[in-house]
Structures are given as structure tokens and as C-alpha cells.
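Chemist: Below are the C-alpha cells for one structure; questions will follow.
The values are calculated or read from the model by the stated rules, or taken from the named source; none is laboratory data. Worth saying up front: this structure is predicted, and the values here are computed from it rather than measured. Cβ placement follows ideal geometry from the backbone for every residue including glycine, while neighbour counts extend to all protein chains displayed. Accessible surface is based on the protein model in full, side chains and every heavy atom, while ligands, DNA and RNA are left aside. Shrake-Rupley method; radii C 1.70, N 1.55, O 1.52, S 1.80 Å.
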Amino acid sequence: MVRPKKHFNVDIDAKILTIKTQKEEMGEVLEEQSIVDKLYMPIMNDKSIKNITIHHVLLVLNQQMKLNGLRKRTIEDYHYQFKRFAEMVKVEYIHEINADKIYEYLSILGDIKDISKLNRLKTLTAILGRCYDNGWIKSKYWKNIKIKVDKSIKQPSNERELSILLSILDKATYSGFRDSVAVLLLYKTGIRITTLGLLEEKHIDFNNQALCLTGDIMKSHKALKLPLDDDMCSLLHQLIEVNREMRREYKEKNTNIFLTSTATPIKNTVSPSNLIAKNLYKYSKRYGLKNINAHSIRRLYAQNLIKRGANINLVSHALGHDSLHTTSRYLYLDEETVAKNLRDYL
């Protein structure tokens, strides 16, 4: 077991917190391109619209979404959900879809949570919106379909439970040390768990003590720079040195910051989850800790910024959000905190 050269004693209160032939593959590519060319006709009339199948729509939309920079997993999810919808309500052509079909789909979903139905509806209408933009649908008939959902506010983590977790983790082991650094980095920067798993050495500017996030590892696809303090830089330095020793031992070539115990990247290209996320879930169950997950830590980061006087626009930028509405959902404040803060304006 590779061990870090130094232990880090955490004190949050005091310091921080099937294989196809080449011919077959080429045939598929040519078929897809032929379909796309046909669907990109400059004028779409009623007759041509009635010939557009769901299969053809998905081929074109997949290409459009790739060009728009959507993540592979997002495109795959859209493709799966729309294909499943078409199968469930038995439609083959895009013109066969209407409001009744959507209601039928929501009914077929059965006894699932309203929030789950809402998410399915959002995915479906997002695809239909692209179909409308392409001229394949004449009206936005789905606009009046609503699902009422009582959204509960998710609370953030708290420093006390994070401190407990960090004191329990065995930082003499690679996994314990790595997970401790990951928790602290999430706490101090508020980055998403997916971004954490994609971090490489090139994303850390030690000279200027900053995390330089490039668009390719961000959900928003926008670059972002976040400050790091001395403690965080020191920990990342130690982790990078240990990682280099592990790569030499296991003969791995990568520059990722967070690695498995065999020196391979923890990132998972199929799921937004990764080894760190799974470990946080495991720790929360094992030690009876509440709200110990990457998203809750991210909310805590946002809340702490507000408490320290940052305005919501700055917090929104730091979180990499596209809208203030999204940011506002992160800013859970208990009644006493709200009352205290309002009193300052009396």
C-alpha cells in the first residue's frame, strides 16, 4: 500500500472545512448521413412531415446535440427516454405524437413519484421542442401539460459532520487520504462530483493558487477559475506526489488527481457517479452521518458564501450555474438565520 509522506490532521472548526465489420460500420454511417440529408430539406410540407419516423428523428437530433456540445451521457439519456416513450404509446412517426399521447405516457408510467414524472416530461418536451425548431412539428401542443410537484428544499451538509468524517478517515492509507482531500476540495470550491473525477494536474495553478476548470469538464461547458488556499494547495501537492509513485508502481499513464488504488482514474464515463461519490454514500451509512454527499457539500459551499457576504450573482458564477433560479435552490437557510439576517435591515 502506498502511503502519503505526511498525515494531515483535520480541524474544520479551526482551519477550514458485439464487433462489426468495417463494411457494416461504413454502411451505417452512409445510411445515417443519407437520412440526415433528407430531413434537412429547406421546405417541410405536410406530406414530407408524415414520412418522418421516430428513428430518423433520433438520428438527426443525436447529431445536432453533439454539435451543440451536449455530453455523451445526456444525449444517450434523451435518446433512450424518447425511444421508450414511442414504444410505450406505440407511435412510429413524429406526426402521430400529440397531447393525448403524452398524457397516455404519463399514465402508463404508473405509481412513480411526481418529481420523476416531471423529469420524464421535461426530457420529452425538450426533444419535442427541438423537433418544432426543425419544422417537423407545427405547434407546441405540450405547453399546457403541467405536473404539480411540491419540491422540498434539500438541506446542505454541516461542518460538524464533515469534521467527524474527516477525523474518522484513515489518512495513513491512500484511499483515506485521497477521500479526505476530495471532501475538503468539494467543501472549499463547491465543484460537482463529475468535475472532481475529471480533474487533472493541468487544472491546478499552484503559482496563483487557483483551480482552473476548463469547459470540457464543466456541466455548463464554461471555463471557471476558483481560488485555493495554502492548506488546500499543500494537500493537493502531497496527493500528486503520491499519485506519481503509484503510477510508477502500476505502470499507468495519466495525470488525473483522484485515482483508484491501482492508479487508474476514478471517473466513470457512463454515470456521473464515481468512486468518491460511492465512498461518501458508504461512509454516511457506516457512521450514521446525514447529508454527506457531494451535492450537499456543494450546497454548504453556496450557503457559506452567502453567510460571508457574497451576493447571489457571485455565488451563481462560482457554482457555474446558467441562472439565478438554479442557484436559489442551493441557498437553504433555516428560519433563525433568515430572521437574524432580516433584522440587520430594520
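Chemist: Going by the structure shown, is Leu67 farther than 21 Å from Trp142 by Cβ, at pLDDT 60 or above, out of contact with any Leu (no Cβ under 6 Å at 6 or more places or on another chain) and surrounded by fewer than 11 Cβ atoms within 10 Å (Cβ to Cβ)?
Modeler: Considered against the rule, which asks whether it is farther than 21 Å from Trp142 by Cβ, at pLDDT 60 or above, out of contact with any Leu (no Cβ under 6 Å at 6 or more places or on another chain) and surrounded by fewer than 11 Cβ atoms within 10 Å (Cβ to Cβ), Leu67 comes out as yes.
Chemist: Within segment 77-86, does at least one residue satisfy the condition of being surrounded by fewer than 11 Cβ atoms within 10 Å (Cβ to Cβ) and either at pLDDT below 80 or of a type in the set (Lys, Arg) (or both)?
Modeler: Within segment 77-86, not a single residue is surrounded by fewer than 11 Cβ atoms within 10 Å (Cβ to Cβ) and either at pLDDT below 80 or of a type in the set (Lys, Arg) (or both).
Chemist: Can you find, within segment 202-223, the residue that is farthest from Asn254 (Cα to Cα) among those that are at pLDDT 95 or above and open to solvent by less than 40 Å² (accessible area, probe 1.4 Å)?
Modeler: Ala210
Chemist: A further question follows. Answer yes or no as to whether Glu24 is open to solvent by 90 Å² or more (accessible area, probe 1.4 Å), of a type in the set (Asp, Glu), modelled with pLDDT of 85 or more and out of contact with any strand residue (DSSP E or B) (no Cβ under 7 Å at 6 or more places or on another chain).
Modeler: no
Chemist: Next question, about the same structure. Could you tell me whether Lys146 is at pLDDT 90 or above and outside any helix (DSSP H, G or I)?
Modeler: Against the criterion (at pLDDT 90 or above and outside any helix (DSSP H, G or I)), Lys146 does not qualify.
Chemist: Can I ask one more? Give Ile193, Ile145, Ile168, Ile164 a once-over and let me know the one that is open to solvent by less than 20 Å² (accessible area, probe 1.4 Å) and of a type in the set (A, V, I, L, M).
Modeler: Ile145
Chemist: Looking at segment 275-291, is at least one residue under 24 Å from Val315 (Cα atoms) and hydrophobic (A, V, I, L, M, F, W, C)?
Modeler: yes
Chemist: So Ala302 ticks every box in (1) surrounded by fewer than 20 Cβ atoms within 10 Å (Cβ to Cβ); (2) under 19 Å from Asn158 (Cβ atoms) but one. Which box is left unticked?
Modeler: Every condition holds for Ala302 apart from (1).
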